[in-house]
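Below is one structure, written out as structure tokens; comments come after it.
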Amino acid sequence: MNMRVKGERAFKVVGTRPPRPDGVDKVIGRALYGADVSAPGMLTGHILRSPHAHAEIVSIDTSAAEALPGVKAVITSGDFGVPEDSALRDVQDHCMARGKVLYDGHAVAAVAATSPAVAKAALKLIKVEYRKLPHVTDVDEAMKPDAPVVQSGLVHETVAPGFSENVTSYCEFGHGDLEAGFAKADRIIERSFTTAATHQGYIEPHACLASMNADGKADLWCCTQGHYHVRAVCSAILGMEASQLKVTASEIGGGFGGKTTVFIEPVALALSRKSGRPVKMVMSRDEVFRATGPTVATSTDVKIGMTKDGRITAAEARLRYSGGAFPCGTVEMGAQAAFAPYDLDAVRTYGWNVLTNRPKEASYRAPGAPQAIYAVESVVDELCLELGLDPLDVRVKNAAQKGTLSSYGPTFDDIGLMATLEAAKAHPHWSAPLGPNQGRGFSAGFWFNFGGNTCVTLNINTDGTVSVTEGNPDIGGSRASISQMAAEELGVPYEKVRTVIGDTTSIGHSDITDGSRVTFAVGLATIKAARDAIQKMCSRVAQIWGIDEEAVVWEDGYVKPASPNAGDFKPMSIEEIAAISFQTGGPIAGHHEVNAEGAGVSFGVHIADVEVDPETGATKVLRYTVFQDAGKAVHPDYVEGQMQGGAAQGIGWALNEEYIYGEDGRLQNPGFLDYRVPVASDLPRIEPVILEIPNPGHPYGVRGVGETSIVPPLAALSNAVSRALGVRMTRLPMSPPTILKAVSAAGV
Amino acid sequence: MKVKIWGSLRRFTDGRGELEVEAKNFKQVLDGLAEQYPGLKPQIERGVSLALDGRIYRESWFAEVRPDSEVVLMPYMTGG
Amino acid sequence: MKSIHVAATINGDPAEFVCEPQETLLDVLRNRLGLTGVKEGCGTGDCGACSVTVNGRLVCSCLVLGGEVQGAEIGTIEGMADADRLHPLQQSFIDNAALQCGVCTPGILVAAEALLKKNPDPTETEIRYWLAGNLCRCTGYDKIVQAVQDAAQQMRGA
Amino acid sequence: MRYEKPESTAEAVRLLANEAGLARVLAGGTDLLVQMKSGMVEPDLVVDIKQIAGMRTVTPEAGGFRIGAAVSGAELGENAEVVAQWPGVVEGFNLIGSTQVQGRCTMAGNLCNASPAGDAVPSLVAANATARVAGPNGERDVTIEQIPVGPGRISLAKGEFITSIFLPARPARSSDAYLRFIPRTEMDIAVASAAVNLTLGEDGTVTAARVAVGAVAPTVRLVEPAAQALIGTKLDEDALAALAAACSAAANPINDKRGTIEYRTHVVGVLAKRAALIAYERAGGRK
């Protein structure tokens, strides 16, 4: 078999904008999300949560709750074992407190009852005796040697002595001679920044339906970014074999990283096991905010030296991240990403992870990067202002390119930063005039992107249509792009392909839908699976024609003789081949199972215009443009959607979103009323500009696009506001009181 | 061949940021490092990624490394 | 706790249900009538995912008691398409890629339909303010606004 | 919990008065249902007043308007006459919540929820509106500012509820305006707010004024010195500065998740100035 490879690939389906296959289901309300299914005899599960930020659980008395008519099961941490694996133990302890509650909202017990009203009444009958402990929710406070210790015994060997036990890990990255670099600088700026913890804010609360039988077999339906991961974690927590737990991913109502772990799923399974009935659990919005996985809260110092003509001579950042009451590695991601857009001779980042009495951090779009790059891009902007330099020119002058030794170690391959910078420079937005009280901010952004474990089965149906089965929940249109890549490779129309997401028993393990990996990795596996099927179809036709396999080619959905020398045969279509598949050896399918590597890194740059009301501190975003390298945009609509959606989330983060803890360590704003995500009237049009610098690691050049877009808005907005006011902003969110306070402190 | 490690691991490698190991693939890189520098073991067990000529590999024991490859050890990467 | 018997019209069809006094219309639609296209995002009127119309008026069904809708006409996402013919707004949302995860989509469509009934030619600003009570976390609203504008134009021409 | 929907005021009063446990009136439900959802309020009886005659109508009366207690924001916003006479009252009311909430929320409910930040209340206070209260002892009319007595607390006795709100007749060259500050453009609770109601003389001099501020004290406050700062002026810079200063001086706010004392005290003055200018222009004044 020969694959005809052309120089510059001319795509037929990839790059077009067909309707998504799940579109109709979703606009008529028929698509089934986590909370949308029921089972006969189903019970309702509810969780009792800690009102304290930090307390020892002295005792739990569930007897009155158990005695309430309609209550079928009550569980506490005693109904689970204690996993040896520390990561698993953390996940389980986050789902159900063991010995101590570590944050406001931490689960302490759960009930399954015949109705929500009975379940709620039962929760009130559970008597928990707490012994309150001192708490700490601020990252800098938690590092001090005398801070209340959230958890003991978790400190890695990397941490130097002198800190609180809350400091669990330390990391350092970079290269070059900092001292010599700073000595060459004409101007050095050093500043400290903080960012509040934010939440992914997906509109669909976590929901699941668990059903375990007396024989130990169980079914779990849930909204998740990765049902294989759910299976692995839940089966381990419940002491089951993975084969006995079938997990089906529902349609998912947003995740952004927040649905990459479990919160209620092991609890629902345990309640089902104990009650012998199916148990449905749906989190309230209050529970979502208090007890799922927000981002880290951060405190950062950045020091950068620059020459008069805008060359960065040395750069340094100290990052202190808190991912809540359990260890997390997010600071490592921030420390690696901080200076990624720059080509630097001397750079160093240092990172500390810190425990606080907050819920365990979960991923949120490019986890760790937005906070670090916010601080770095703010200082670069301030240097540009002080030295009278154009901020875009300075980025160009220092931009990382192919061959640049990155700040985190490897040398960059083909990357799209320069292309995005050039596109931004040429865009009318960059040179548009500004009015009074208005400012324009600029920031670069970066994310690593991942590949990972992926299975795809591609069946050629007997009528010549194509069924693709993959294992990654479709969080933003991926079924369409996977179908497009299958159609492209097979040379058949998009409409002939249907992509479905299999449950854990219908196809092998696939990693979580995270790290911007799906279009890259599932796409790659789909292309390879299509090639596998093509190879089989070519082989069968060659046999029919009685010629060598090498003498046929696959082209546009047909097997054809490779050349006139091969013989004079009428090309056979995929439909014709499929129709006789039973006679030629049986059903035809292509498979590919891979740990996909070689995901290309992604850069983007954003321009933001704002107007600040100097009397109230209100910020209005006037104009916003996103430039991002997509490698190859498979379905440009959904690439644009990722760019716009990430930008909107970043704008929310920059202006209003934050976890607010009171003196008592309790979360003050666990609802959409006071956790202020952007509403439609808050935002302008967000113009997306897609750049396509092919990723050499993918057959079509695809790069992940999901995460980079949330990185630049923080600094783009902060730089815009700072320029509008003439005052440097150093904390997020820039809520109106924060802005007015900064203005009055600066005496402007 | 040479393997670059990140800064905070230098505590366990007598201050060296670039290590020499005999390896033909990712797995051999890790085994070689752990053998020569036992202090790196806890981190390797917690998880590491490998950048090979600029591309990041999260696992893949058999990813081939050549004597002229640029090999950089990185923390295990997670995304959203 | 005395249950309440209610007769109403839902998506043009007569419907009867029995509910507990504290049950919301959202609970009734989802749990008693199987209309799970109506979504619960917050239960406090802050996200709009549960938007329905009651006697033509756009409301959050989480802020209405089931007992209140005796004799009322209720419209949900399930009643928006005409059999297998999508409403122009529904088609426009697919054509404009105005949904990513899709969980806010039913509420936004119901809200947008109510807008276009009241104002067939809304400006971008009017659309944005009308839809301010419908949170979407995926799209940044850009393609949603475009989809509503496109559908409005098409409906005016029809 | 029991749910009742009486068809007369008398029956509603009887139900409310006779309930031994916790009784709540339901009109729009946009506060009550949220409180029930969170478990903050667990009523034994909910009395839905929407079936009572007059609760959902707007009736001209004595040159003004009587607005039934269950008239929603969307309904009042569609009433051209009320909008023309009392644009500030309607804009305050229409700022509550989303389009969806507007389909249900009521002025009487906003008043009885007794949040210092209720958006409908400052304009009603500035308008010198009154609430008609039905109860076991019959009906009484009370001024708006007499209803709330503190955050979440009202002056109504057991068995009493508001049946309507009355907006009085107004002289020529009168208008009003309301502004609030919120961090977003919609969907937030006011951090500070101000309503200004003005009557102008033929030459544009302010002859009568009422100014009320919200979210800066335990209840909405009528600020007499602020009104005095405007009367006799054409809203020159000095008058506006005196207005702002009077509003800031009347503020006695708290620090919370929505704003600081310092911020609220400052911004309430800014809002009062801006609202005064809008009301002035609406009343026919020219700057």
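Provide the gained length on full extension for the span D:SER8 to D:VAL149, in nm with one decimal, where the gain is 0.36 nm per separating residue minus the Cα-Cα distance. Spell out each step's value before the answer.
Working: separation 141, 0.36 × 141 = 50.76 nm, distance 2.78 nm.
Gain on extension, D:SER8 to D:VAL149, equals 48.0 nm.
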What Cys residues in chain A are without a partner cysteine, judged by a Cβ distance under 4.7 Å? A:CYS95, A:CYS171, A:CYS223, A:CYS234, A:CYS328, A:CYS384, A:CYS455, A:CYS538
Helix-only [θ]222 nm of the protein assembly as shown, DSSP H runs n ≥ 4, -39500 (n - 2.57) each, per residue, nearest 500: -8500 deg cm²/dmol
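Give a quick list of GluC sites (Glu not before Pro) in region B:1-58 that DSSP marks as loop, anything other than H, G, I, E or B, with at most 12 other Cβ atoms within 10 Å.
On the way: sites: B:GLU18, B:GLU20, B:GLU22, B:GLU35, B:GLU45; in loops: B:GLU22.
Counting only loop positions with at most 12 other Cβ atoms within 10 Å, the GluC sites (Glu not before Pro) in region B:1-58 are B:GLU22.
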Among A:TYR130, A:TYR364, rank each residue by its count of other Cβ atoms within 10 Å, from fewest to most, as a rough exposure measure. A:TYR130, A:TYR364
At R0 = 30 Å the Cβ-Cβ FRET efficiency linking A:GLU555 and A:GLU593, nearest 0.05, sits at 0.65
Run the reach check for C:LYS118 against aspartates and glutamates, Cα to Cα strictly under 15 Å, same-chain hits fewer than 8 apart removed. What comes back? C:GLU126, D:GLU75, D:GLU78
Could you tell me which of rounded, prolate or oblate describes region C:1-142, using a ≥ b ≥ c as the square roots of the eigenvalues of the alpha-carbon gyration tensor, with rounded for a/c under 1.5 and, failing that, prolate when a/b is larger than b/c and oblate otherwise? prolate
Net charge near B:GLU35: determine it from the other residues with C-beta under 11 Å of the C-beta of B:GLU35, scoring Lys and Arg +1 and Asp and Glu -1. -1
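Using just the alpha carbons, could you tell me how many Å³ per residue the convex hull of region C:4-79 encloses? Before the final figure, lay out the partial values.
Numbers: hull volume 5.4 nm³, N = 76.
Convex hull of Cα atoms, per residue: 71 Å³.
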Along the charge dipole of region B:2-75, pointing to its positive end and built from +1/-1 on Cβ of Lys, Arg, Asp and Glu, which listed residue (B:LEU73, B:GLY7, B:LEU33) has its Cα farthest out? B:GLY7
Calculate the dipole size of chain D relative to its Cα centre from +1 charges on Lys and Arg beta carbons and -1 charges on Asp and Glu beta carbons; express the result in debye to the nearest 20. 240
Inter-label distance, nm, simple model (7 Å from Cα along the C-beta direction), B:GLU20/A:ASP413: 2.9
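Across all directions of projection, what mean area in square nanometres is found for the Cα convex hull of the protein assembly as shown?
Numbers: hull surface 202.8 nm².
The Cα convex hull of the protein assembly as shown, projected and averaged over all directions, gives 50.7 nm².
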Under 16 Å from a point placed 7 Å out from the Cα of C:ALA7 along the Cα-to-Cβ direction: which residues of region C:30-56 have their backbone N that close? none
Running Debye on region A:472-598 with equal point scatterers at the Cα sites and no solvent, what base-10 log of I(q)/I(0) appears at q = 0.19, 0.20 Å⁻¹? -1.04, -1.11
Rounded to the nearest 0.05, what FRET efficiency is calculated for D:ALA53 and D:ALA249 with R0 set to 45 Å and r the Cβ-Cβ distance? 0.50
Please enumerate, by chain and number, the aspartates and glutamates with C-alpha under 15 Å from the C-alpha of D:LYS37, excluding those fewer than 8 residues away in the same chain. A:ASP286, A:GLU287, C:GLU20, C:GLU23, C:ASP27, C:GLU40, C:ASP46
Give the distance, in whole Å, between the Cα centre of region D:1-78 and the Cα centre of region A:94-146. 37
To the nearest 0.05, what FRET efficiency results for A:GLU84 and A:PHE11 with a Förster distance of 51 Å applied to their C-beta separation? 0.55
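Treating only the Cβ atoms of Lys and Arg (+1) and Asp and Glu (-1) as charged, compute the dipole magnitude of the protein assembly as shown about its Cα centre; round to the nearest 20 debye.
On the way: 119 positive and 146 negative charges, 278 e Å.
That gives the protein assembly as shown a dipole magnitude of about 1340 debye.
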Kindly flag which residue pairs out of B:LYS2/B:LYS24; A:LYS144/A:LYS741; A:LYS632/B:LYS2; A:LYS402/B:LYS24; A:LYS360/C:LYS143; A:LYS124/D:LYS5 have an alpha-carbon separation exceeding 22 Å in this structure. A:LYS144/A:LYS741; A:LYS632/B:LYS2; A:LYS402/B:LYS24; A:LYS360/C:LYS143; A:LYS124/D:LYS5
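Specify whether the C-alpha gyration tensor of region A:282-334 places it in the rounded, prolate or oblate class, a ≥ b ≥ c being the square roots of the eigenvalues: rounded for a/c under 1.5, otherwise prolate if a/b is larger than b/c and oblate if not. Don't skip to the end; give the middle numbers.
Details: a/c = 4.79, a/b = 3.10, b/c = 1.55.
Taking the square roots of the gyration eigenvalues as a ≥ b ≥ c, region A:282-334 is prolate.
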Could you list the GluC sites (Glu not before Pro) in region A:39-147 that lie in coil according to DSSP, counting only those with at most 10 other Cβ atoms within 10 Å of their Cβ? A:GLU84
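Just want to confirm a number: the relative contact order over chain D, from Cα pairs under 8 angstrom separated by 6+ residues, in percent. Please report the intermediate quantities before stating the final value.
On the way: 705 pairs, mean separation 45.6, N = 287.
Taking the mean separation of contacting Cα pairs over the length of chain D, I get 16 percent.
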What is the pair-distance distribution P(r) of region C:88-157, computed from all Cα-Cα distances in 10 Å bins starting at 0, with each bin given as a whole percent? 23, 63, 14, 0
Count of lysine pairs in region A:202-303 with Cα separation under 30 Å (8 or more residues apart, or interchain): 9
Roughly what % of Cα-Cα distances in region D:174-282 sit above 20 Å, to the whole percent? 33
Nearest 20 debye, what's the magnitude of the dipole of region C:88-157 about its Cα centre given +1 on Lys and Arg Cβ and -1 on Asp and Glu Cβ? 160
Classify chain A as rounded, prolate or oblate from the Cα gyration tensor: take a ≥ b ≥ c as the square roots of its eigenvalues, call it rounded if a/c is under 1.5, otherwise prolate when a/b beats b/c and oblate if not. oblate
Treating cross-link reach as a plain straight distance, find the aspartates and glutamates whose alpha-carbon is under 19 Å from the alpha-carbon of B:LYS27, omitting any fewer than eight places away in the same chain. A:GLU597, B:GLU18, B:GLU35, B:GLU45, B:ASP53, B:GLU59, B:GLU64, B:ASP68, B:GLU70
Between the modelled labels at A:THR114 and A:GLU495 (7 Å from Cα along Cα→Cβ) the distance in nm is 5.3
Explain nothing, just compute: Karplus ³J(HN,Hα) = 6.51 cos²θ - 1.76 cosθ + 1.60, θ = phi - 60°, for every residue of region A:260-275 in order, whole Hz, x for Gly and Pro. 9, 9, 10, 10, 10, 5, x, 5, 5, 5, 5, 5, 5, 4, 6, 8
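Here, each number is a calculation from the coordinates, and none is a lab measurement. All figures in this text were calculated on a predicted structure; none of them were measured in a lab. In this analysis, Cβ positions are derived from the backbone assuming ideal geometry, glycine residues included, and neighbour counts consider all displayed protein chains.
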